Amino acid sequence: MAEQVHVNLPGREYVVEIGEGLLGQAGAYVAPLLRRPRVAVISDETVAGLHLETLRAGLAADGIAMEALLLPPGEATKCWDALTRCVEWLLDQQIERGDVVVAFGGGVIGDLVGFAASVLRRGVRFVQIPTSLLAQVDSSVGGKTGINTRHGKNLVGAFHQPSLVLADTSVLGTLEPRDFLAGYGEVVKYGLLGDAAFFDWLEAQGPALAAGDSAARIEAVRRSVQMKADIVMRDETEQGERALLNLGHTFGHALEAATGYSDRLLHGEGVAIGCALAFELSARMGLCAQEAPSRVRAHLRAMGMKVDLRDIDGELPDAEALLALMGQDKKVVEGQLRFILARAIGDSFVTGEVAKADVLTLLTDALA
Ligand code: NAD
C-alpha cells in the first residue's frame, strides 16, 4: 500500500501516492481519470531511457495506450521553444479537453508539461509522475507550472493543479548522486522553514536516506509533501504563507542566474546555499541564535552538499551584481526585496524589512 497525502483544494482535490513500484501499477491509478484508454506522456531522454518501458507496461496492464514525446534533459528545456514543441505535439496527438497529459520526469518536465497542459485548449488535466527527489518532494505538488525566460527563472507560467501525483520512490535509485543531493536541499528546506522535529530526524536519518534506505526515503517524501500540501491548502496562490516555501530561493535564484542556469549550480544546490545564507543573515540581524546557521551548515556539510559560495566552481559576480540579480525575484513588491528569514530552525517568516547594506555585507563576506 502506498502512502497518501491528500491535497484538498475545493473542486481541484487530488491525491499524492508515495511508495515503491508505483510505475508498474500506473494504469490502476490513472484509469479512473480517463474517458478513453490512452494518454500522452512527455518526458526527458534520460528518464525515458531508464524508466519509460516500465511506465508503458504499467499502463498497458490496465489496457491504457501511451504515446511519448522525449525532450533533452536539463534546465534549458524549460523554455518557449520546448513549450511550443509540447503544445504542437499534443495537438498532433489530438489530445482533447477530456484527455490526460502525463509529465514524467524531474521538475523541469513537471513545470514545462504542467504549463503546456494549462494552456492547451484552455486547460486539460495532467498527471505528475515525478522521478527526481526534488520533483517528488516539491515541484510536482502545488500546481505551480512555468518556464524560464531571458529575464529570469519561472517568470512565465500558470497555477494549474495536477489531477494525481504518483511518486514512485524506487526510481530515485537511478538518480546521479549529485541530483539526489540537490533534491535533498529542498527536503532540508522543509525542516528549516517549519518543522524542527523533521530537521532533527534528517540529521539522524539523512545519511541512511542518501545511501538508499527505502523506508527513510518514503518517510522523507511523505513528510515533505504533507508540509507542502498543508501550506498550499491554506494559501494556494501565494498571497502570504506559501512564500515560506521560497526559503533560500531569493539567494538561490540569483546564484543560478549568475552561473547561467548551467551545470555549475543545480537548483537544489542553490536552495541549500541560499538556506545557509538566509540563516546567516537572520543571525547577523539578531533574529535567531548564532548556533542556528552553524547547525544548518554542519548538516549540509555532513551530507556532502555545497554550503558556501566557494563551493561553486568558477568565478562569481561581485556582491552588487548578485544583489541586482535578486531584484528580478518574483517576491519583489514595489521594488522592495522580500526575504524568508528565521527565528529558529523550524520557524521562518517573510519580511520586507531587510536593509540592502546588510545583504551586501553578507554577500561580500561570503564571496571573500
Ligand atoms: P531536472 O528535471 O532537470 O532533473 C534533474 C536531472 O535528473 C535531469 O538530468 C533528469 O534527466 C535527471 N533525472 C530525473 N529523474 C531521474 C531518475 N529517476 N533517474 C535518473 N535521472 C533522473 O531537475 P529537478 O532538480 O528535478 O527540478 C528542477 C526544476 O524544478 C527547476 O526548474 C525548478 O525551478 C523547478 N521547481 C519547481 C517547483 C514548483 O513548485 N513548480 C518547485 C521547486 C523546483
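By its C-alpha gyration tensor, with a ≥ b ≥ c as the square roots of the eigenvalues, how is the range 1-160 shaped: rounded for a/c under 1.5, else prolate for a/b larger than b/c, else oblate?
Rounded, since a/c falls under 1.5.
Which Rg and Dmax, in Å, describe the Cα atoms of the range 177-367?
15.7, 46
How much accessible area does I312 have with a 1.4 Å probe, in Å² rounded to the nearest 10?
10 Å²
Can you give the log10 of the normalised intensity I(q)/I(0) at q = 0.08, 0.11, 0.14 Å⁻¹, computed with Debye over equal Cα scatterers of the chain?
Here log10 of I(q) over I(0) equals -0.37, -0.71, -1.15.
Let me have the relative contact order for the chain, percent, based on Cα pairs under 8 Å that are six or more residues apart.
15 percent
Just report the Cα centroid separation between the range 144-218 and the range 49-81, whole Å.
20 Å
Within a Cβ distance under 11 Å of R284, other residues only, what is the Lys/Arg minus Asp/Glu net charge?
The answer is -3.
For the range 252-354, just say rounded, prolate or oblate: build the C-alpha gyration tensor, square-root its eigenvalues into a ≥ b ≥ c, call rounded for a/c under 1.5, and beyond that prolate if a/b exceeds b/c, oblate if not.
It comes out oblate by the Cα gyration axes.
Over 22 Å between Cα atoms: which of K306/K356; K189/K356; K189/K228; K189/K306; K228/K306; K78/K144 fall into that group?
Listed pairs above 22 Å: K306/K356; K189/K356; K228/K306.
What does the charge count near V16 come to, summing +1 for each Lys or Arg and -1 for each Asp or Glu among other residues with Cβ under 13 Å from its Cβ? Let's see the in-between values first.
Working: positive: R222, R223, K228; negative: E3, E13, E17, D138, D168, D230.
Net charge in that neighbourhood comes out at -3.
So what are the ³J(HN,Hα) numbers for the range 336-341, from phi and the Karplus equation (6.51, -1.76, 1.60; θ = phi - 60°), rounded to whole Hz, Gly and Pro as x?
8, 5, 10, 10, 9, 10
The values are calculated or read from the model by the stated rules, or taken from the named source; none is laboratory data. Only a predicted model underlies this, so the values are computations on that prediction, with no experimental measurement involved. Here the Cβ is made from the backbone with ideal geometry for all residues, glycine too, and neighbour counts use every protein chain on show. Protein only, heavy atoms only, side chains kept; ligands, DNA and RNA dropped before computing areas. Shrake-Rupley method; radii C 1.70, N 1.55, O 1.52, S 1.80 Å.
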